[in-house]
Structures are given as structure tokens and as C-alpha cells.
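Some notes on the structure that comes next.
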Amino acid sequence: MPLGKTIRRVGSMRLVGAFALALASVSASLPARADAGFQNWIASFRSVAADNGIKGSTYDRAFAGVTKPDPVVLEKARFQPEFKDENWNYFDNRVNDASIAEGRAMARKWADTLARIEKAKGVDAQVLLAIWSMESNYGRILENMEVMRPVVRSLATLAYADKKRAKFARTQLIAALKILQSGDITLDHLMGSWAGAMGHTQFIPTSFLAYRSDFDGNGHADIWESVPDALATAANLLRENGWRSGHAWGYEVILPEGRKFPNGKRSLADWAEMGVKRADGKPFPRPGDSADLKVPDGRGGPAFLVLNNFQVLKRYNNADKYAFAVGLLADAIASGRYELVNDWKRPFTKLSWDQKIELQQRLAQKGLYEGEFDGKIGSGSRKAIMAWQAMAGLPQDGHPSMEVLNSLK
């Protein structure tokens, strides 16, 4: 997600130093002997890069010191989550007190920039803030050198050693080399996720080239250190894919009992005639707008009528869960609260955000948890919960429940 000049100036030296340390760490971890097959692949790909306009000097600079595939990238590519991410956990980890509060703080901090982007691009500020939160936790992920990898090496690794992602990786590698050649970013800053997603708003290289914006006006589109550039780049993606300015992404609705509903799009007026009402009791604006009915957690959970902008959000990440999380977080940042009339279905008593942090702290005191006290319930937290449940003679479900917290006290 996109950020600005203050971070450029204040954070630049810190981030450059961190990136340099990361690169040095990567180099130090490489065995002395290079991988001959990988080296042959790099040599053979040079002609492909040249056919796509990449200069020899750019290619040599990009691959200087790259001798072996990145084992961390291959491990991530093979990784399968140990726990299924239930709806309640997915949304609890993304739309919560902490993400809402920080989103509102960032809205104040970047108010002028967000207003200019909203005026120029027609995309609501809260939506951009929600994407920023979802993609990089408001930029924090860029400082995590255990996560950030050199983009060229990561994509070359996937192109060489991952048959499933090889075609994607080759395309993205050419785009990454074009970014480097353009001068928008230096090699030591060309960092990203294991799959090559880059910057505050986590753009893959081809998308960056398609939607990049030099919104701070310094002559370079820089989604790594410039908040304005990153947020404006995200706004470009949404606008170019049909975002409707000032329109909602969707509405939580209440469904009448015992009625079945048709599949496909209907006008909001048609849904209202079938007894579907907004959860907040307000009338639907623009009743002629077309909407789909979605019940992502089944009939007993929350129900939504989703509009055009919901589909546009899926151009960022083609998953309903992602679009729902962005939309719900954006609404919560705007209003300061997150409440669903029908909550996500969960088989336990829900904890507040502060109580989840207390849960992690108490598990750590028992020697069962070694992660951060951040309130996010991931695989590490759930393993620790299950270990405690086994010790305490409780059902081993790994749920962050009030019952587990009370048993720890």
C-alpha cells in the first residue's frame, strides 16, 4: 500500500541499511559452490531478457552475486497451511480494533495526500487505507527482513525450480528487470515477498508497470518508500478496472426467514421486494443498481448484497474473502466501529483484541508460545493453545476462546 515523502526522508536510511543487511545475510548464507543448473538457466534466460528490451548491463547488475536458488522461496512455494483458516479467524485477524484504530490514525496523518488522490482518481480514501492494511500492515511488512526477499532472485528461483509457477515467474522477472532498468528503484531496494509482490501495496511487477504513479512528483514511481505513490498506484488499479466513485461496495442485509433466493444479479429494488433489508434499517440508495446476494458463512452467518465495487476489489485479489475484508475494514475505518448484525459463526465465546493479546502473553508464560503479542491468531498461537488444552484436559481445537483464557488465569 502506498506511502509518502516523510517516510522517504526519515525512513530511507533505515530501510536502505536494513535491505543491505538482508542482502548481505542472503549472500553469506549461500554455499561457496554455485548451482550449475541455476547458473546455466540464468545464462540462457539472458537472450529472453534481451528480446524484451533488457540491456546486458541491466541483466548483469540484476544477477550479480546470484549463484543459487533461494531455498526460502522454494519452501514457501511448497508450504501448505496446517490449519484451515475459518471465516471467523480470517476476518478477526484483519478487521479488528488494531487495524481500525491505525487506519483512522493514518487517515489523519495522510489526510491531504488521501484527499488529493481521491479527487484525482475517484477512489475513496478508506478503501485505499484498508488495502494498505491488508497488504502490508500499513508498511510494517517492508521492515521485516525475514519476509522480504530480493525480487530478481525470488522470481528466477521460481522460474527455474517451480514448474507450477514457472511461466508466471518468467513474465514477472522480465517486468522486474524493466523496473530496474527504468531507474524507478535501485537494486538494493527491489525487494518483495517470496512470490515477488512489492511495496506498501504489494504489486507484482507487471501490475506495477501497468498502474504505477509518481504522485509525489519526484520523477520516480516508488511504492517501496513513497506513501503517495503507493496509494495512488492502488487507486489507479481500481479506477482502471471500473471503480465507481462514491458508491458502496455492498451492504450487510437481513434475510426473511424460510425463503429461498435466486442466484445471479438483481436490482436492489428487486431484492427489497423479496424482503431483503439493509441491516442498519436504511433504504437502498440507487435502487436500480445491480447486486448479488452472498452468504459467505452460510445462512446462519452474515449476508451481503454486493455491488460493482466489490467485483473491482477482486481485481486486486480474486477472492471473495479478500474483497469482504477490504470492504468491511474500509467501512469500519470510516465509522470508527466494526459491528455485524449477524456475526461470523464460531463455536466458542469470542475474545476482544486485548484479551487475545493477554491469551498470547499467558501462553508465553507457560513456555508454549514464542511469537509476537499482536492479537493475531495464526498457526503459532493455535499450536500453543492446543498444547495448553492437552495439558489442561480440554478439547484440543486450537480456538482462542474465553474458556481457554479463563483456564489459563
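The values are calculated or read from the model by the stated rules, or taken from the named source; none is laboratory data. Quick caveat: nothing in here was measured; it's all calculated off a predicted structure. Please note: Cβ atoms are built from the backbone with ideal geometry, for glycine as well, and neighbour counts cover all protein chains shown.
Can you pull out the helices (runs of 4 or more DSSP H) entirely within the stretch 308-409 that have at least 1 residues that are more than 30 Å from residue 127 (Cα to Cα)?
353-365, 379-392, 402-408
Taking the options 398, 375, 367, name whichever one is surrounded by fewer than 15 Cβ atoms within 10 Å (Cβ to Cβ) and on the phi > 0 side of the Ramachandran plot.
Exactly one of 398, 375, 367 is surrounded by fewer than 15 Cβ atoms within 10 Å (Cβ to Cβ) and on the phi > 0 side of the Ramachandran plot, namely 367.
Could you check the stretch 360-407 and list, in sequence order, the residues that are among the aliphatic types (A, V, I, L, M) and under 19 Å from residue 99 (Cα atoms)?
The one that is among the aliphatic types (A, V, I, L, M) and under 19 Å from residue 99 (Cα atoms): 377.
Which one of 362, 346 is in the same structural domain as residue 403 (by TED's automatic domain parsing), surrounded by 13 or more Cβ atoms within 10 Å (Cβ to Cβ) and not hydrophobic (A, V, I, L, M, F, W, C)?
Within the list 362, 346, the selection yields 362.
Yes or no: the stretch 228-242 includes at least one residue that is part of a loop (DSSP other than H, G, I, E, B) and of a type in the set (D, E, K, R).
Within the stretch 228-242, none of the residues are part of a loop (DSSP other than H, G, I, E, B) and of a type in the set (D, E, K, R).
Evaluate the following for residue 120: is it part of a helix (DSSP H, G or I) and either of a type in the set (Asp, Glu) or crowded, with 22+ Cβ neighbours inside 10 Å (or both)?
no
In the stretch 233-267, how many residues are over 18 Å from residue 291 (Cα atoms) and under 28 Å from the mean Cα position of the chain (by Cα)?
Count: 8.
When you scan the stretch 106-117, do you find a residue that is more than 30 Å from residue 397 (Cβ to Cβ) and assigned to a loop (DSSP other than H, G, I, E, B), even just one?
Yes.
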